[in-house]
Amino acid sequence: MSSAPLKKVQGGRARGITGVGSPALESTPVIECAGALVWRVHDGALQVKLIHRPKYNDWSWPKGKVDLGETLAAAAVREVKEETGKYIVLGIALPGLQYITPEGELKRVHYWAARQVSKTEPSVVARPPVAPVNAAEVDRSEWCTVKEAAKRLSRAADKIPLTALVDAYDKGELDTHVVAIARHGKALARAQWNGPEATRPLTPLGVAQSEALVPVFAAFGISDVVSSVWARCAATTAPYVRAAGVHGGLSELFTEASHERNPKAVIAAVNQLVASSKTSLLCTHRPVLPTLFKAMAALTPNKSVRAAYPKDDPYLSPGQVVIAHVIPARAEGEAPKIVGVETIRPALH
């Protein structure tokens, strides 16, 4: 199998999709799939979860096709639940794979590292119900050591994301939490609004974009929400706050006006957010984004990861989100470290 690195469709941590590469494939029908390498440390050893499919009599990672209008991240979480019966939250992105199916279609599989969580987690509560495991499709799911998994995997290419997972673990970059930075949904144009700027509302499209963000935030396990106090940001986070049952904090600090007066205060606040151990969401405005991303880039030592931050105005389109994967500071005096960055654009953009 030849190798051709491809950028992840929705942006990402310095990752690619490995597999068959040819200009002729540009016109080949594409099946987008998503899944996860669910991991844990048990008795001091790194373990991963494999599934067995009786139809093919193979061992592989849980994964499946992306539904219409579904983001890759949401599909990965749903597919793991459908095939293992367990709830997960996503961590760092891992190398994906691509290959030609027997029917001549190009299949692309996008992977994340993931941790198993309780059904009572706020992010799980925010998700729609998922059908139970179909034993005709998956009859076994088992924890394996890394060495055992490498032997059991039926496709040699499936070892590629496993190798990346082990490498991240060895570097201490696997156990992360997320800080998500979102731009509010589409708002009514300034020229069309006669009220105060702070009360300018979302358009119907902006409301729909806010709803579309719920499964994205849920996939990454968001448990703490802070938003600019201005109406369009508060309305963007409201659907997730309701669905997950979390507290939605509102802050004057992240408004356009406060940022213009005191950008250093914004930098200090986002540094504090990254330094906390909470899986957090911050929703703000376009003019604030470059200040946030510059501050976060200073905490991102890897050059290729740092290059994944948006650099050009408008940085994010309405309702778009950057996911940063953070390692907390390990010792007093150390700074936290961002080891993965991906940009996600839900449907309705």
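The values are calculated or read from the model by the stated rules, or taken from the named source; none is laboratory data. Bear in mind the structure is a predicted one, so any value in this text is a computation, not a measurement. For neighbour counting, all protein chains shown are included, and Cβ atoms are generated from backbone atoms with ideal geometry for every residue, glycine included.
Worth pointing out:
- Any hit, segment 185-194, residues being in the same structural domain as D43 (by TED's automatic domain parsing) and without any contact (Cβ under 8 Å) to a residue 40 or more places away in the chain: no
- Within segment 161-173, residues that are more than 16 Å from P328 (Cα to Cα) have Cβ atoms under 8 Å from residues that are assigned to a helix (DSSP H, G or I) and small (G, A, S) in these pairs: L162/A149; L162/A150, counting only partners at least 6 apart in sequence or on another chain.
- Between L97, L90, the distinction of being crowded, with 21+ Cβ neighbours inside 10 Å, out of contact with any Ser or Thr (no Cβ under 6 Å at 6 or more places or on another chain), touching a residue at least 24 places away in the same chain (Cβ under 8 Å) and not in a helix (DSSP H, G or I) belongs to L90 only.
- The listed residue being surrounded by 21 or more Cβ atoms within 10 Å (Cβ to Cβ), in the same structural domain as R330 (by TED's automatic domain parsing) and within 17 Å of G319 (Cβ to Cβ), out of P201, P215: P215
- Segment 218-238 - residue that is of a type in the set (V, I, T) and assigned to a helix (DSSP H, G or I) and, of those, farthest from P318 (Cα to Cα): T237
- Test: H247 is touching a helix residue (DSSP H, G or I) at 6+ places or on another chain (Cβ under 9 Å), modelled with pLDDT under 95 and more than 15 Å from V179 (Cα to Cα): yes
- Meets criteria (of a type in the set (A, V, I, L, M, F, W, C), in the same structural domain as G221 (by TED's automatic domain parsing) and within 18 Å of the chain's Cα centre (by Cα)) for L289: no
- Qualifying residue in segment 312-322 (condition: within 29 Å of L202 (Cβ to Cβ), in contact (Cβ under 8 Å) with a residue 24 or more places away in the chain and assigned to a strand (DSSP E or B)): yes
- In segment 135-175, the residues that are of a type in the set (V, I, T), part of a helix (DSSP H, G or I) and within 25 Å of G85 (Cβ to Cβ): V146
- Identity of the residue in segment 14-60, touching a Leu at 6+ places or on another chain (Cβ under 9 Å), part of a loop (DSSP other than H, G, I, E, B) and closer than 30 Å to V117 by Cβ, that ends up modelled with the highest pLDDT: G16
- Some residue of segment 146-166 being assigned by TED's automatic domain parsing to the domain that holds L282, among the hydrophobic types (A, V, I, L, M, F, W, C) and within 25 Å of the chain's Cα centre (by Cα): no
For (1) surrounded by fewer than 17 Cβ atoms within 10 Å (Cβ to Cβ); (2) closer than 21 Å to P102 by Cβ, each residue gets a yes or a no:
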position: G44; (1), (2): yes, no
position: Q47; (1), (2): no, no
position: P54; (1), (2): yes, yes
position: S60; (1), (2): no, yes
position: G64; (1), (2): no, yes
position: A76; (1), (2): no, no
position: E82; (1), (2): no, no
position: G85; (1), (2): yes, no
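- Residues that are crowded, with 18+ Cβ neighbours inside 10 Å, in contact (Cβ under 8 Å) with a residue 40 or more places away in the chain and not in a helix (DSSP H, G or I), drawn from segment 289-311: T300, A308
- Residue in segment 256-267 that is polar (S, T, N, Q) and in contact (Cβ under 8 Å) with a residue 60 or more places away in the chain present: no
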